[in-house]
1. Out of all the residues in region 212-233, which are buried (at least 19 other Cβ atoms within 10 Å of the Cβ) and either modelled with pLDDT of 70 or more or out of contact with any helix residue (DSSP H, G or I) (no Cβ under 9 Å at 6 or more places or on another chain) (or both)?
2. Within region 33-52, how many residues turn out to be in contact (Cβ under 8 Å) with a residue 40 or more places away in the chain and farther than 10 Å from Val106 by Cα?
3. Name every residue in region 161-197 that is crowded, with 19+ Cβ neighbours inside 10 Å, closer than 14 Å to Ile139 by Cβ and at pLDDT 90 or above, in order of residue number.
4. Are there any strands (runs of 3 or more DSSP E) wholly within region 150-210 with 3 or more residues that are out of contact with any Phe, Trp or Tyr (no Cβ under 9 Å at 6 or more places or on another chain) and free of Cβ contacts under 8 Å to residues at least 40 places away in the same chain, and if so which?
5. Looking at region 101-115, which of its residues are under 18 Å from Ile19 (Cβ atoms) and surrounded by 18 or more Cβ atoms within 10 Å (Cβ to Cβ)?
6. For region 148-175, enumerate the residues that are over 24 Å from Lys206 (Cβ atoms) and within 20 Å of the chain's Cα centre (by Cα).
7. Only one of Asn87, Asn110 is of a type in the set (S, T, N, Q) and touching a Phe, Trp or Tyr at 6+ places or on another chain (Cβ under 6 Å); which?
8. Determine if region 54-66 includes at least one residue that is within 30 Å of Leu179 (Cβ to Cβ) and at pLDDT below 90.
Amino acid sequence: MLSSQQVGVGIYSPNSSVIGVIGEGVVLPCYVVAENFPEIFSVQWIFNEQSQKIPVSTYDGKTQKEKQDERYQGRTEFFHNEFGAGNMSLLLKNIRSSDKGSYTCVVSFNDEYHDVLVELKVAGSVPSISLRSYMKQSIGLTCHADGWFPKPEVIWLDGQGQVRKEQSTTKMMMMPSGLYRVITSMNLKPGSDMEVSCRIVSNLLKTTSESRIQISAECSTGFHYPEICYLVI
């Protein structure tokens, strides 16, 4: 996408939308292409709320210090060392559910403004598998993840990527943030496929998050220390 008809000048984002995971960081991409990139310029990222436009982070071209809106205080960072190459991207840290939405990258130089839109979609945390119980007859596993919306699909898989035949129990609880906490449990019998995956699928975001473990041989031979009976792959 080019925002100016000036010859040799353009602004673009290689991805019109990006997906960030709650609690982690994501780069909102924005690049300027210019035949002679000026030393004096400014860049501002704006969050487009329905009722207002929030100046997320601003670099005025004079100092290394950035101006941040209080919602984003301490959570944004420009790539200052790459400004000369036209990289105006913004690193957004510690993603929150409220961060999802449309952002505009606005770059100003030579008395002209250039802008591009980037959509941020927010997904829940990566699922975590833990050993719930251990007996000679079965191995109890629990998988949990936070921050999903709307309710996702949860799937247990074997080492071949096929849906496991064991029965599972899944609970989805809404947290104060309005997002869902997912907790799903299942029991493995010793001797069955000991490679296990817990997959969470969001059809709305068209994204998948997955964790995988390999149950060690000790678990099927009466080993008495279940906390080291599995290995994360």
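1. Correct list: Ile213, Ile215.
2. Taking region 33-52 and keeping what is in contact (Cβ under 8 Å) with a residue 40 or more places away in the chain, we get 33-34, 37-38, 40-49.
Next, only the ones that are farther than 10 Å from Val106 by Cα stay: 33-34, 37-38, 40-41, 47-49.
Of the residues in region 33-52, 9 are in contact (Cβ under 8 Å) with a residue 40 or more places away in the chain and farther than 10 Å from Val106 by Cα.
3. Correct list: Met186, Val196.
4. Values: elements: 153-157, 168-174, 180-188, 195-202.
Of the strands (runs of 3 or more DSSP E) lying wholly inside region 150-210, those with at least 3 residues that are out of contact with any Phe, Trp or Tyr (no Cβ under 9 Å at 6 or more places or on another chain) and free of Cβ contacts under 8 Å to residues at least 40 places away in the same chain span 168-174.
5. If we filter region 101-115 for residues that are under 18 Å from Ile19 (Cβ atoms), which is where we start, we get 101-103, 105.
Across region 101-115, the qualifying residues are Tyr103, Cys105.
6. none
7. Numbers: Asn110 fails: touching a Phe, Trp or Tyr at 6+ places or on another chain (Cβ under 6 Å).
Just one listed residue meets the conditions, Asn87.
8. Applying the first criterion (within 30 Å of Leu179 (Cβ to Cβ)) to region 54-66 yields 54-58, 66.
From what's left, at pLDDT below 90: 66.
Yes, the conditions are met somewhere in region 54-66.
The values are calculated or read from the model by the stated rules, or taken from the named source; none is laboratory data. Here the structure is a predicted model, which means the values were calculated and not measured. Positions of Cβ are generated from backbone atoms using ideal geometry, with glycine treated the same way; all protein chains shown enter the neighbour counts.
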